[in-house]
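Okay, so here's the structure we're looking at.
Values in this text are rule-based calculations from the coordinates and carry no lab data. Bear in mind the structure is a predicted one, so any value in this text is a computation, not a measurement. Here the Cβ is made from the backbone with ideal geometry for all residues, glycine too, and neighbour counts use every protein chain on show.
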């Protein structure tokens with residue numbers, strides 16, 4: 001049998017991290033994803049302290065890299081800045097004891113077809129993996145499935161990146177739903193045969209073009225997810241709904257009941 005860990009996105013400020021992680025421990029959350037989405041707000045020394053508190057509370061950590069990234073930009077300075085932001089997250093993540101760095105890979109762009117976009121993103125992930133190996137950071141790059149049709153990150157594209165680079169991945173089930181208008185769980189299982197899954201989950205509003213915004217989860221959505229997840233994997237579920245702590249508590253209640 002596999003295992004499932006559930007926890008929220010967002011640690012909050014460094015000053016309240018001890019209180020927050022103590023609370024998460026009492027709520028039986030197994031994961032917290034630190035949101036560096038707007039800025040990387042920790043240095044290495046702070047990360048080491050937060051990581052120690054997380055381990056004492058048995059809460060695993062991951063990082064979401066800044067939103068301001070695009071590995072397929074036509075402007076070389078922007079590509080360089082993107083790689084530096086992601087690599088900085090890797091450095092801080094290693095100090096935290098986090099294992100996964102989640103990031104949005106990039107955009108197709110007006111003048112690039114999908115295959116060229118794939119090759120550009122693949123090349124830059126391989127370059128970052130070389131730096132990670134050289135620095136001996138114990139960290140995994142996790143490009144995320146994306147929720148808009150004009151953004152690189154279909155399940156097939158992320159699966160192919162994993163196969164051709166050896167990177168890891170983040171399956172965002174809300175993004176898959178918004179992008180494809182349904183979640184084909186059997187397809188996802190075939191695309192990602194790996195033992196360890198890092199996942200995002202929330203409710204979502206979407207249009208024909210894909211994701212609009214995240215919303216809170218309903219009981220039935222948790223039940224559908226648990227009914228369809230593979231039973232033989234180690235699965236981490238990070239909740240990104242607006243009321244993520246409450247939704248995580250509900251998710252754990254339903255999981256325990258099942």
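Assorted remarks:
- Summary value for segment 101-236: 21 percent relative contact order, contacts being C-alpha pairs under 8 angstrom separated by 6+ residues.
- Segment 3-257, relative contact order [Cα under 8 Å, separation at least 6], %: 18
- Cα-projected label distance for residue 88 with residue 257, points at 7 Å along beta-carbon direction, nm: 4.4
- Label zone at residue 44, where the point sits 7 Å out along the Cα-to-Cβ direction: segment 88-128 residues whose backbone N lies under 12 Å: 91-96
- A simple spin-label model places pseudo-atoms 7 Å from Cα toward Cβ; at residue 16 and residue 196 they are separated by 3.0 nm.
- The separation of segment 5-41 from segment 147-161, counted between C-alpha centres, amounts to 27 Å.
- The chain, helix-only ellipticity at 222 nm - DSSP H runs n ≥ 4, -39,500 (n - 2.57), divided by all residues, nearest 500: -14000 deg cm²/dmol
- From the coordinates of this entry, semi-axes √(5λ) of the Cα gyration tensor in Å is computed, and it appears in (1) 30, 19, 18; (2) 27, 24, 16; (3) 85, 23, 15 under the label (2).
- Gaussian network model of the chain, springs between alpha carbon atoms under 10 Å - residue of 145, 236, 20 with greatest fluctuation: 20
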